[in-house]
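Written out below as structure tokens is the structure these notes cover.
Laboratory data are not the source of any read-out in this text; all were calculated from the coordinates shown. Since this is a predicted model, take the numbers as computed values, not measurements. Cβ: placed from backbone, ideal geometry, glycine included. Neighbour counts: every protein chain shown.
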Ligand code: SAH
Ligand code: SF4
Ligand code: F3S
């Protein structure tokens with residue numbers, strides 16, 4: 001019996017691709033093994049920052065110490081960007097595939113196991129959008145599921161590698177998405193997240209729609225689902241229609257990730273984001289007016305080339321103004337071939353680290369403050385399972401996407417009422433009511 005394991009790095013789109021790959025291998029009679037000790041180790045990789053790539057390099061490199069290294073498969077964004085070089089460096093990497101060649105991976109692996117040759121399946125046509133024709137694998141008891149609704153991205157923000165490795169924006173057919181969602185719901189998924197680099201643009205390239213708000217409404221009405229989420233949103237394509245669906249569909253969670261990236265108009269312009277700080281602030285206002293208690297998270301880059309102290313302070317000020325529930329912060333990382341790579345005024349590592357520390361500190365205070373405001377309230381928590389650190393604790397999330405730990409007994413997939421008793425910056429604790 002041949003074993004495989006799928007190791008996922010990067011964003012939720014990779015989680016989804018990994019789950020589809022699992023289905024494809026299982027359908028061919030393979031068996032899931034332990035990560036790190038299977039016959040075939042698949043790496044679903046990310047290129048968003050240099051660190052994301054270094055991590056995978058060191059994981060793959062350690063197989064050099066094995067007497068018989070596994071057959072390593074490199075797929076995803078990093079495979080597309082530097083897969084040939086990785087395969088040249090580590091001879092146990094036998095199959096390299098870009099994000100749009102996943103469907104060919106299991107067969108290529110079987111061939112490489114037979115003839116021991118390297119197979120390169122890179123995406124050449126950026127318009128190509130080849131889906132793996134199977135539903136993502138769902139482990140027994142899995143509560144949260146993902147479905148990618150659009151491939152690629154056309155924005156070409158100055159710092160970002162995604163359009164280069166994931167190709168052009170392409171919406172999947174609405175019917176196909178609904179079929180996949182229904183199948184996941186049938187397998188027990190309770191909370192479904194629709195994925196894309198910019199879900200708000202969904203459908204704009206389909207002759208007969210649906211639009212994203214329409215799709216979201218249809219997904220929210222699929223039998224068996226308890227909650228629906230979506231990620232992520234580009235402010236440029238953000239719409240009032242979407243806010244209306246959030247306000248009126250019970251199953252669509254009052255929670256949104258709306259990446260801002262910078263609080264300085266000058267930097268936003270350099271990044272090519274297409275909106276101003278004021279426009280962003282109005283979107284937040286519209287959201288909060290229409291959806292009370294909405295949880296808003298964001299993404300922010302510090303140390304973009306040419307970011308002055310004043311620009312940086314404008315980002316800090318924006319965090320204080322908006323008061324996000326959570327912010328994914330990152331120090332700018334140079335991505336080869338992007339516009340920002342060629343810009344003036346790259347900051348040194350120490351300065352970027354200082355700015356990163358400072359935003360993280362400020363945001364931790366804000367998150368803690370917001371979380372404390374939940375203490376004493378009772379929230380509907382969708383239970384995901386026993387908490388990873390055990391001690392009889394269970395974990396789940398509120399509609400706003402806040403993680404809640406509480407004392408059991410409980411059951412994955414149930415919605416329980418939990419009274420919040422204490423708060424930390426990153427999660428809440430409570431007791432069953
Ligand atoms: N499509 C989303 C972002 C996807 S990438 C959007 O438009 O906002 C996820 C996050 O990684 C980004 O929001 C950004 O904050 C971060 N990121 C992307 N490229 C980066 C880079 N070169 N350096 C540091 N962070 C980066
Ligand atoms: Fe990258 Fe910008 Fe596309 Fe987001 S919208 S994936 S940041 S290019
Ligand atoms: Fe990373 Fe690719 Fe996602 S670069 S963030 S895995 S789209």
Check: Going by the alpha-carbon gyration tensor, a ≥ b ≥ c the square roots of its eigenvalues, is region 378-432 rounded (a/c under 1.5) or, if a/c is not under 1.5, prolate (a/b greater than b/c) versus oblate?
Finding: rounded
Next item on the list: Can you tell me the order of 146-157, 110-121, 206-217 when each peptide is scored by its average per-residue count of other Cβ atoms within 10 angstrom, highest first?
Entry: 146-157, 206-217, 110-121
Next item on the list: Which order do the peptides 46-52, 251-257, 92-98, 367-373 take when ranked by the mean count of other beta-carbon atoms within 10 Å per residue, highest first?
Entry: 92-98, 251-257, 46-52, 367-373
Checklist line | Alpha-carbon centroid distance for the pair region 328-390 / region 187-231, whole angstrom | finding: 26 Å
Checklist line | C-alpha center-to-center spacing [region 259-303, region 1-78] in angstrom | finding: 35 Å
Next item on the list: Over region 136-242, calculate the relative contact order: mean separation of alpha carbon pairs under 8 Å at least 6 apart, over the residue count, as a percent.
Entry: 30 percent
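Is region 16-64 best put as rounded, prolate or oblate by its Cα gyration tensor, with a ≥ b ≥ c the root eigenvalues, rounded for a/c under 1.5, and otherwise prolate when a/b is larger than b/c, oblate when not? Could you put the intermediate results ahead of the total?
Working: a/c = 3.96, a/b = 1.53, b/c = 2.59.
Oblate.
Under the rule of -39500 (n - 2.57) per DSSP H run of 4 or more residues, summed and divided by the residues of the chain, what mean residue ellipticity at 222 nm is obtained, to the nearest 500 deg cm²/dmol? All intermediate terms of the calculation are to be shown ahead of the outcome.
On the way: 12 runs with 147 residues, N = 433.
The helix contribution divided over the chain gives -10500 deg cm²/dmol.
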Next item on the list: Under 1.5 on a/c is rounded, so check that first for region 301-341, then, if it is not, pick prolate when a/b is larger than b/c and oblate when it is not; a ≥ b ≥ c are the square roots of the alpha carbon gyration tensor eigenvalues.
Entry: oblate
